[in-house]
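Enquirer: Quick one: this structure, given as structure tokens, is what I'll be asking you about.
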Amino acid sequence: MSSPNIRNIAIVAHVDHGKTTLVDAMLRQSGVFRANQEVVDRVMDSNALERERGITILAKNTAVFYHDVKINIVDTPGHSDFGGEVERALTMVDGVMLLVDASEGPLPQTRYVLAKALEAGLPPIAVINKIDRADARPREVLNEIYDLFIDLDATEAQLDFPVLYTNAKLGAASADPAVPGENLRPLFDAILSATPPPGGDAAAPLQILVANLDYSDYLGRLAIGRVFNGALRAGEPAAIAKLDGSVQPVKITKLFTFQGLQRTEAPVAELGDIVAVAGVEGIAIGETIGAPENPIPVRKLPVDEPTIAMQFGVNTSPLAGREGQYVTSRNLRQRLDKELLTNVSLRVADTASPDTFQVMGRGELQLAILIETMRREGHELTVGKPEIIEKRGEDGRRLEPIELLTVDVPEEYVGVVMEKLGMRKGELRKMHQAASGRGSGRARMEFSVPSRGLIGLRGELLTDTRGTVILHTLFDGYGDWRGDIPLRPTGALVADRAGLTTAYALNNLQARGRLFVGPGAEVYEGMIIGESPRDQDMDVNPVKEKKLTNMRSSTADIAIRLAPPQPLTLEQGLEFIAADECLEVTPQSLRARKKILAANRRPRRTAQ
């Protein structure tokens with residue numbers, strides 16, 4: 001039995017290939033917005049961090065109606081660090097729309113999301129977007145998509161997918177790249193024909209797999225999931241099949257279905273629909289809402305393991321507690337536990353210290369987004385250097401996570417890139433002239449690199465290539481340990497006393513290296529105020545004042561000229577800090593510091 005008037009589809013693609021823009025156009029053309037309604041671009045990116053960075057971080061649901069058929073659409077992130085969101089989204093849908101840039105072609109995240117969709121047996125629709133680009137090459141990109149499908153062992157049925165060419169900004173789709181489209185009608189028709197209606201049995205016991213969570217100030221926790229079997233009505237009793245095997249009885253207070261950007265209250269949840277359920281306090285992602293007498297759990301969500309770990313601890317600096325609202329280990333633990341409810345790819349473990357927790361995730365960006373979210377909520381914390389999560393093979397071999405790195409760079413910088421990645425134990429797999437039109441004379445290289453070799457790499461390559469390099473990474477499994485990788489080649493300028501920095505002191509120090517602070521900044525002993533070009537740390541006095549005398553000098557009135565300081569951003573700080581350092585994060589400030597502040601107790605970092 002199936003629901004012929006429902007289709008569930010996820011839009012998957014590499015970062016910045018136009019998923020959210022295409023959803024915008026689908027919402028506009030399906031009549032979700034009024035004719036005179038003012039709507040922002042990328043309306044699905046509702047999170048402040050998403051709008052600032054121009055990327056999708058959280059998977060979100062919406063729904064449109066076309067020819068009396070409800071199409072539930074799940075917009076997914078394009079960055080590999082947020083792969084847990086993609087894995088969750090694929091459990092709710094019956095088909096995927098694979099979006100590929102008409103110039104860049106398939107990139108690492110394209111491979112990742114497509115592999116997950118093919119594993120789940122979902123029928124794909126290929127959409128080649130941005131065909132209006134001057135450097136668009138739709139025919140070649142289509143061949144690359146077929147090559148990728150074959151490389152991922154797609155079945156004959158999965159290889160027989162419809163192909164559409166779109167301009168998401170204009171809201172146009174066409175089956176022929178030479179014939180410009182007028183609207184997205186061909187895309188909607190392809191969704192109805194290529195995506196099967198959801199299956200299941202309406203007469204069977206209720207099964208709703210929870211794939212996402214939300215919160216309402218009025219209704220409490222909301223569970224978002226798909227009805228696999230049976231039907232659910234508001235006010236009915238139900239039971240939650242917990243992940244630990246226990247059963248929790250609940251009463252459903254409200255039911256909502258998705259319509260455009262709104263949740264609409266519904267009396268009943270139909271078979272195959274994606275719904276939000278209220279009255280389910282204590283539920284977690286991956287659990288099943290079932291019949292009250294005997295809830296039968298749906299299959300467990302498969303989620304890849306984390307590969308990067310960081311230490312999150314209480315802020316112990318002399319300036320702690322001045323800017324943040326939440327500063328204790330209890331606040332930190334509560335916030336991390338709250339994150340675990342909605343972030344299935346995150347893990348939190350206790351350490352030997354009660355004030356420090358080990359947080360494990362998919363990559364630096366995922367953890368950086370979490371840290372930035374926490375500081376905006378008013379938390380103060382310290383974070384340590386990102387570290388990889390090692391494993392042991394069956395024969396006792398030491399294994400480490402390996403990443404597939406794609407580098408797009410002008411040809412004159414190929415030597416620099418290969419030198420840097422050679423030092424970081426990278427192995428070149430493939431190299432060819434980039435067909436994308438980001439500029440003539442560009443090369444695209446694929447490397448197999450240990451995850452620890454990527455820490456700090458982006459900043460170095462951006463400097464070495466004058467900002468022209470483009471990097472994309474994808475987790476490629478665990479491999480043999482590749483040996484030691486050189487640490488940060490530079491040292492730190494460390495303040496040796498507390499006070500306010502002075503222009504006089506910084507003028508003498510700027511010849512020693514790059515400064516992170518300007519005059520008038522409050523510093524303390526052990527705080528890192530700059531980067532030294534030598535590979536050893538240097539204790540300096542940034543608060544020294546000029547002594548006034550009654551002696552006249554012909555140069556006394558010459559103004560001090562200071563180079564502008566280069567304060568660290570969150571990502572730069574995480575890449576910069578060494579193993580004996582940490583990053584102090586508060587709502588208003590980011591400060592790099594030594595873990596042991598007192599100079600006479602701190603092991604001295606000498607030349608390596």
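The values are calculated or read from the model by the stated rules, or taken from the named source; none is laboratory data. Just so it is clear, the structure is predicted and the values come from calculations on it, not from any experiment. All Cβ positions, even for glycine, are placed from backbone atoms using ideal geometry, and neighbour counts span all protein chains on display. Calculation scope for accessible area: heavy atoms of the full protein, side chains included, ligands and nucleic acids excluded. Shrake-Rupley method; radii C 1.70, N 1.55, O 1.52, S 1.80 Å.
Enquirer: What number, in percent, do you get for the relative contact order of the range 286-414 if the mean sequence gap of Cα pairs under 8 Å and at least 6 apart is divided by its residue count?
Expert: 30 percent
Enquirer: Can you tell me the accessible area per residue over the range 95-214, all protein chains present, probe 1.4 angstrom, in square angstrom?
Expert: 40 Å²
Enquirer: Let me ask something else. Give the residue from Asn508, Leu583, Leu493 lying farthest towards the positive end of the charge dipole for the range 449-608; charges sit on Cβ (+1 for Lys and Arg, -1 for Asp and Glu) and the dipole is referred to the Cα centre.
Expert: Value: Asn508.
Enquirer: Still on this structure, I have one more. Using the per-residue mean of other Cβ atoms lying within 10 Å as a proxy for protection, in what order, highest first, do the peptides 442-449, 394-401, 133-140 fall?
Expert: The densest-packed peptide leads the list: 442-449, 133-140, 394-401.
Enquirer: Enter the angle in degrees (range 0 to 90, nearest 10) between the Cα long axis of helix 329-342 and the first principal axis of the Cα atoms of the chain, meaning the one along which they spread out most.
Expert: 30 degrees
Enquirer: Can I ask one more? Each residue of the range 406-414 in order: what ³J(HN,Hα) in whole Hz does its phi give by Karplus 6.51 cos²θ - 1.76 cosθ + 1.60, θ = phi - 60°, with x for Gly and Pro?
Expert: Result, ordered by residue: 9, 10, 10, 8, x, 4, 5, 9, 4 Hz.
Enquirer: For the chain, what does the relative contact order come out to in percent, with C-alpha contacts under 8 Å and a separation of six or more?
Expert: Normalised by residue count, the contact order of the chain is 11 percent.
Enquirer: Return one whole number: the accessible area per residue of the range 243-298 in Å², for a 1.4 Å probe.
Expert: With the other protein chains kept in place, the range 243-298 gives 45 Å² per residue.
Enquirer: Same structure again: Identify all lysines with a Cα-Cα distance to Lys60 below 28 Å; exclude those on the same chain that are fewer than 8 residues away in sequence.
Expert: Partners found: Lys19, Lys70, Lys116, Lys130, Lys169, Lys242, Lys251, Lys254, Lys300, Lys338.
Enquirer: Work out, in µm²/s and without decimals, the Stokes-Einstein translational diffusion coefficient of the chain at 4 °C, 1.567 mPa s, Rh from Kirkwood over C-alpha pairs.
Expert: 48 µm²/s
Enquirer: Run the accessible area of the range 113-179 with a 1.4 Å probe and give the carbon-and-sulfur part as a rounded percent.
Expert: Heavy-atom surface of the range 113-179 belonging to carbon and sulfur, 1.4 Å probe: 52 percent.
Enquirer: Any number yet on Rg/Rh for the range 364-409, C-alpha, Kirkwood?
Expert: Radius of gyration relative to Kirkwood radius: 1.16.
Enquirer: Given +1 on the Cβ of Lys and Arg, -1 on the Cβ of Asp and Glu, and no further charges, what dipole in debye does the chain carry about its Cα centre, rounded to the nearest 20?
Expert: Dipole of the chain, to the nearest 20 debye: 1980 debye.
Enquirer: Let me ask another. To make sure I understand the rule: partners must be lysines, Cα under 27 Å from the Cα of Lys425, and not fewer than 8 residues away in the same chain. Which ones qualify?
Expert: Within the straight-line cut-off, Lys425 pairs with Lys385, Lys391.
Enquirer: Whenever you get a sec, compute what percent of the accessible area on the range 471-546 sits on carbon and sulfur atoms (1.4 Å probe).
Expert: 48 percent
Enquirer: Set Lys and Arg Cβ to +1 and Asp and Glu Cβ to -1, take the dipole of the chain about its Cα centre, and tell me which of Ala172, Asn229, Ala89 lies farthest positive.
Expert: In the chain, that residue is Ala89.
Enquirer: With charges only on Cβ, +1 for K and R and -1 for D and E, what is the dipole size of the range 337-465 about its Cα centre, in debye, rounded to 20?
Expert: 340 debye
Enquirer: Which of the lysines could a cross-linker bridge to Lys430, judged by Cα under 19 Å and excluding same-chain residues fewer than eight apart?
Expert: Lys420
Enquirer: Rank-order 116-124, 226-234 by packing density, defined as the average count of other C-beta atoms within 10 Å over each peptide's residues, highest first.
Expert: Result, highest mean first: 226-234, 116-124.
Enquirer: Quick one: Cα convex hull volume of the range 261-367, Å³ per residue?
Expert: About 203 Å³ per residue, rounded to a whole number.
Enquirer: With the dipole of the chain worked out from charges on the C-beta (+1 for Lys and Arg, -1 for Asp and Glu) around the Cα centre, which of Leu457, Thr62, Leu118 lies farthest toward the positive end?
Expert: Leu457
Enquirer: Moving to a separate point now. Using a Förster distance of 56 angstrom, determine the FRET efficiency expected from the C-beta separation of Arg497 and Thr253, and round it to 0.05.
Expert: My answer for the efficiency is 0.40.
Enquirer: Mind ranking 476-488, 324-336, 568-580 by how tightly packed they are, going by the mean number of other C-beta atoms within 10 angstrom, highest first?
Expert: 568-580, 324-336, 476-488
Enquirer: Continuing with the same structure: Keeping the other protein chains in place, figure out the carbon and sulfur percent of the accessible area of the range 245-353, with a 1.4 Å probe.
Expert: Carbon and sulfur: 51 percent of the exposed surface of the range 245-353.
Enquirer: So with the 1.4 Å probe, I'd like the accessible area per residue for the range 416-509, rounded to whole Å².
Expert: 47 Å²
Enquirer: Per-residue HN-Hα couplings for the range 389-398, Karplus 6.51 cos²θ - 1.76 cosθ + 1.60 at θ = phi - 60°, whole Hz, x for Gly and Pro?
Expert: 9, 7, 9, 10, x, 4, 8, x, 5, 7
Enquirer: Could I ask something else about it? Per the helix-only calculation at 222 nm, which mean residue ellipticity applies to the chain, given -39500 (n - 2.57) for every DSSP H run of n ≥ 4 and division by its residues, nearest 500 deg cm²/dmol?
Expert: -6000 deg cm²/dmol, from helical runs alone.
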